[in-house]
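Report on the following structure.
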Amino acid sequence: MFFSMFGAVESGIIFAIMALGVYLSFRILDFPDLTVDGSFVTGAAVAAVCIVNGVSPVIGTLLAAIAGFFAGNITGILNTKGKINPLLSGILMMTALYSINLRIMGGQPNIPLLNESTVFNMFDSFWGQLGIDEALNGLLGSWGVAPLPSTWIVLFATIVIIIFVKLLIDYFLTTEIGLALRATGDNEKMIRSLSANTDSLKIIGLGISNGLVALSGALIAQNDGFVDLKSGIGMIVIGLASVIIGEALFGKKTIVRTTLAVIGGAIIYRIVVTLALRADFLDTGDMKLISAILVVVALVAPKFISTMKDQRRRQRKRTELNNKVKGAS
Amino acid sequence: MLNLKDISVTFNEDTPDEKKALQDIDLTLGEGDFVTVIGSNGAGKSTLMNVISGSQRPDIGSVEINQKNVTLLPEFKRSMFIGRVFQDPMAGTAPSMTIEENLAMAYARNKKRKLQKGVTKKRKELFRDYLLTLNLGLEDRLNAKVGLLSGGERQALSLLMATFTEPDILLLDEHTAALDPSRAELITNLTGDIVKRFNLTTLMVTHNMQQALDLGNRLIMMDKGQIILDIDGKKKQELTIEKLLHEFKRIRGEQLDDDRAILG
Ligand SMILES: Nc1ncnc2c1ncn2[C@@H]1O[C@H](COP(=O)(O)OP(=O)(O)OP(=O)(O)O)[C@@H](O)[C@H]1O
Ligand SMILES: [Mg+2]
C-alpha cells in the first residue's frame with residue numbers, strides 16, 4: 001500500500017507540471033488546446049533520443065521543453081494567423097505530432113531507457129552520501145512499512161522542480177506581459193485596445209503551456225525508464241481532471257492558490273487512479289475510463305453540492321417563517 | 001491632430017445587403033478639440049470610430065494622426081496613442097482581474113510590456129491618486145476583482161483607464177448609454193472633467209442631444225454615412241435642441257422624428 005502510494009505521489013508531482021501547462025491554456029488563455037496529447041510525447045521522445053545518444057540528461061530535458069514550446073507556437077500560429085478554430089488547431093497539431101514523434105524516435109514506437117543516465121540517477125553518488133534514503137527508510141522500517149522505496153531522490157527532485165515551476169508561473173502571471181496574457185483570455189477586445197498584440201500573446205502562451213507539458217513528458221519517460229509513442233493518448237483529460245479536481249477541492253481565489261490547487265489535483269488524481277486500479281475488476285486498460293469518470297464527477301459534484309446547500313437553506317428559512325407566523329397568531 | 005481624408009466604407013458590397021456605412025468622410029480635429037457626434041441609428045457613427053481606432057479598415061481614404069499616416073497600422077499598435085471607451089460596461093475591463101491589475105495594463109499601454117512586475121508599490125500610489133479623482137471609493141478596493149463592480153463603477157474605471165496615459169485621441173462610443181440616468185450623469189461629468197484636465201482630443205458619440213450640446217466645443221451630425229452638419233465655437237454654444245431639429249429638416253428636407261431615435 002505505502003509503496004504504490006509513494007509511486008503515485010512521485011508521478012503525480014511530475015504530471016502536475018503537465019497539469020500546470022493545461023491550466024495555462026484552458027484557464028488563463030481560455031484556449032482548449034488539444035496539442036497536449038502530442039507535445040507530451042514530443043518531450044519524452046526528444047529527451048530519450050538525446051539520452052540514448054549520450055547527451056547530458058539535463059540538456060536533453062531542456063531541449064524537450066523547447067521542442068514542446070515550438071509545438072505550442074505552431075498551434076498558436078494556426079489559430080491566430082490561419083484563423084483556424086482553437087479546438088481544430090490543437091487537433092491538427094496533435095495529429096501532425098504523432099508522425100513527427102515517430103520520426104524523432106527513429107521510426108521505433110518504443111525506446112527503453114533502462115541503464116541509461118537520467119536526471120534522477122545522475123546525482124546518485126552525491127545523493128547516496130547524504131544518507132537520506134537510509135534515514136527515511138530506517139524510520140519507516142521501524143514502523144513496519146514494507147516494501148520500502150529504493151530511493152527518495154525522485155520525490156525530492158520532483159518536489160524541488162514543481163516548486164520552482166510554480167513560483168515561476170506565479171511570478172510570470174504578475175508581470176506586464178503576464179497580465180496582458182491573462183487579459184487575452186479574459187477580455188481580448190479590451191487588451192487589444194490597450195495596445196497588446198493578442199496574436200503574439202496567444203502564440204507565446206501556448207508555447208509556454210506545451211513547453212511545460214513536454215518537460216513533464218521528458219521527466220515521466222526518465223522516471224518510467226521508457227518512451228512509448230502512444231503514451232500521450234488521453235493526456236489532455238488527465239490534465240483537465242487535475243485542474244478541475246484541484247480547483248474544486250482547494251479553491252481558485254487567486255493565481256497563487258490555483259496553481260497550488262492544480263498541483264494538488266494532479267497528485268490526488270494519481271492517488272485515486274492507483275487506488276481504483278487495486279480493485280480486482282479493474283485493470284490498467286480501464287485507466288482512461290476512470291479518468292473520464294473522475295472529470296465528470298469533479299464537474300458535476302460541486303454544482304450538485306451547492307444546489308443541495310441552497311435548497312436546505314431555503315427550507316430552513318421557510319420553517320423559520322412558518323414558526324414566526326404561528327407564534328404571532 | 002486627427003485627419004480623415006475621403007473615407008468610405010461599404011459593407012456587403014454588390015449584394016442585396018449592400019450598406020454604405022461611410023461616404024467620402026473628411027474630418028479634421030485640432031489639438032484639444034472635443035467633438036460630440038450625433039446621428040440616427042445606422043448613420044455610421046460607430047463605423048467612423050472603428051476606422052479611427054483601426055478595428056475597421058476603410059475601403060478608400062486615409063487616416064492621419066499627428067501628421068503620421070496610420071491607415072495601415074494594425075489596431076493594437078494604434079491603440080498606443082488612442083484611448084477608447086465602449087458602450088458595454090463589460091467591454092472595457094478584464095472582469096476576473098483586480099482593479100490594480102486592470103490599471104496596470106492600461107498603464108503599460110504606451111510602453112513596451114516587459115517581464116517586470118505590473119503592479120509595483122510606486123504604481124499603486126499612482127493608481128490610488130487617480131482613483132481618488134473618481135470619487136467612488138475605488139481607491140480602497142485596489143484588490144477587488146473588477147467583475148464585482150457595478151456597471152457605473154466599471155465604466156468610470158474604463159474611462160480612467162482609457163485616459164490617464166494621456167492618449168493623443170480619445171474615442172467614446174455611447175459610453176453612458178447602458179447606464180441608469182444618475183450613473184450616466186456621473187460618467188458624463190467625469191468625462192468633462194477628465195477631458196479638460198488632460199486636454200484630450202476627443203470624439204464622443206451620443207444619442208443624448210442635451211449631452212451633445214453640454215459637452216465639447218464642436219458638434220457634428222451624421223446621417224446615412226455622411227457628416228451633414230459641423231458646428232463649432234460660439235455657434236455651438238448658442239445651439240438648442242429645437243435649432244438642431246430644425247437644421248436637420250432644412251438639410252434633409254424631412255422630419256426627424258423620435259423613431260429615428262436621435263433623441264436619447
Ligand atoms: N460588420 C458589419 N457588417 C455589415 N454591416 C455593418 C457592419 N457594421 C455596421 N454595419 C452597418 O453599417 C451601418 C452603420 O453602422 P454603425 O454601427 O456605424 O451605425 P451607428 O451610427 O453607430 O448606429 P447606432 O446609433 O445604432 O449605434 C448600419 O446600417 C449597419 O447595419
Ligand atoms: Mg453605434
So which residues in the stretch A:1-23 are within 11 Å of residue A:213 (Cβ to Cβ) and not aromatic (Phe, Trp, Tyr)? A:17, A:18, A:19, A:20, A:21, A:22
Picked from the stretch B:52-107 (must be touching a strand residue (DSSP E or B) at 6+ places or on another chain (Cβ under 7 Å) and of a type in the set (Asp, Glu)), the residue farthest from residue B:183 (Cα to Cα) is B:59
Options B:171, B:203: the member that is within 16 Å of ligand 1 (Cβ to nearest atom), touching a Lys or Arg at 6+ places or on another chain (Cβ under 7 Å), modelled with pLDDT of 95 or more and not β-branched (Val, Ile, Thr): B:171
Single unsatisfied condition, residue A:302 versus (1) under 21 Å from residue A:233 (Cβ atoms); (2) surrounded by 14 or more Cβ atoms within 10 Å (Cβ to Cβ): (1)
Just give me the residues in the stretch A:172-196 being more than 7 Å from every other protein chain (Cβ to nearest Cβ) and not in a helix (DSSP H, G or I), in sequence order. A:173
Matching residues in the stretch B:104-145 - criterion: being free of Cβ contacts under 8 Å to residues at least 60 places away in the same chain and either touching a Phe, Trp or Tyr at 6+ places or on another chain (Cβ under 6 Å) or hydroxyl-bearing (Ser, Thr, Tyr) (or both): B:107, B:120, B:130
Residue satisfying condition, being assigned to a loop (DSSP other than H, G, I, E, B) and either farther than 27 Å from residue A:256 by Cα or within 14 Å of chain B (Cβ to nearest Cβ) (or both), within set A:200, A:150, A:125: A:150
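In the stretch A:93-107, what residues are assigned to a helix (DSSP H, G or I) and among the aliphatic types (A, V, I, L, M)?
A:93, A:94, A:96, A:97, A:100, A:102, A:104
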Check the stretch B:181-200 and report whether any residue there is within 16 Å of ligand 2 (Cβ to nearest atom) and either surrounded by fewer than 20 Cβ atoms within 10 Å (Cβ to Cβ) or in contact (Cβ under 8 Å) with a residue 40 or more places away in the chain (or both). no
Test residue B:83 against the stated conditions and say whether it is of a type outside the set (A, V, I, L, M, F, W, C), touching a helix residue (DSSP H, G or I) at 6+ places or on another chain (Cβ under 9 Å), modelled with pLDDT under 95 and more than 16 Å from ligand 2 (Cβ to nearest atom). no
Only one of B:86, B:34 that is touching a residue at least 24 places away in the same chain (Cβ under 8 Å) and under 23 Å from residue A:188 (Cβ atoms): B:86
Condition (residue is surrounded by fewer than 16 Cβ atoms within 10 Å (Cβ to Cβ), within 15 Å of ligand 1 (Cβ to nearest atom) and among the hydrophobic types (A, V, I, L, M, F, W, C)) applied to the stretch B:209-217: is it met by at least one residue? no
Given (1) in contact with a Pro (Cβ under 6 Å, 6 or more places away or on another chain); (2) outside any helix (DSSP H, G or I), identify the lone condition not met by residue A:248. (2)
Looking at B:28, B:47, B:36, can you tell me which residue is among the polar types (S, T, N, Q), closer than 30 Å to residue B:249 by Cβ and within 13 Å of ligand 2 (Cβ to nearest atom)? B:47
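State all residues of the stretch B:86-97 that are within 16 Å of ligand 2 (Cβ to nearest atom) and not charged (D, E, K, R); if no residue qualifies, say none.
Those that are within 16 Å of ligand 2 (Cβ to nearest atom) and not charged (D, E, K, R): B:86, B:87, B:89, B:91, B:92.
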Residue match in the stretch A:133-150 (condition: β-branched (Val, Ile, Thr) and under 23 Å from residue A:211 (Cα atoms)): no
Kindly indicate which of B:212, B:178 is more than 14 Å from every other protein chain (Cβ to nearest Cβ) and assigned to a helix (DSSP H, G or I). B:212
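Determine, yes or no, whether residue B:213 is modelled with pLDDT under 95 and more than 30 Å from residue B:140 (Cβ to Cβ).
For residue B:213, the condition - modelled with pLDDT under 95 and more than 30 Å from residue B:140 (Cβ to Cβ) - is met.
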Test set (1) at pLDDT 95 or above; (2) within 10 Å of another protein chain (Cβ to nearest Cβ) - residue B:121 fails condition number: (2)
Looking at the structure I just gave you, is residue A:156 of a type in the set (Phe, Trp, Tyr) and not in a helix (DSSP H, G or I)? no
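The values are calculated or read from the model by the stated rules, or taken from the named source; none is laboratory data. Keep in mind that what you see is a predicted model, and the values were worked out from it rather than measured. Every residue, glycine among them, receives a Cβ derived from its backbone with ideal geometry; neighbour counts consider all protein chains shown.
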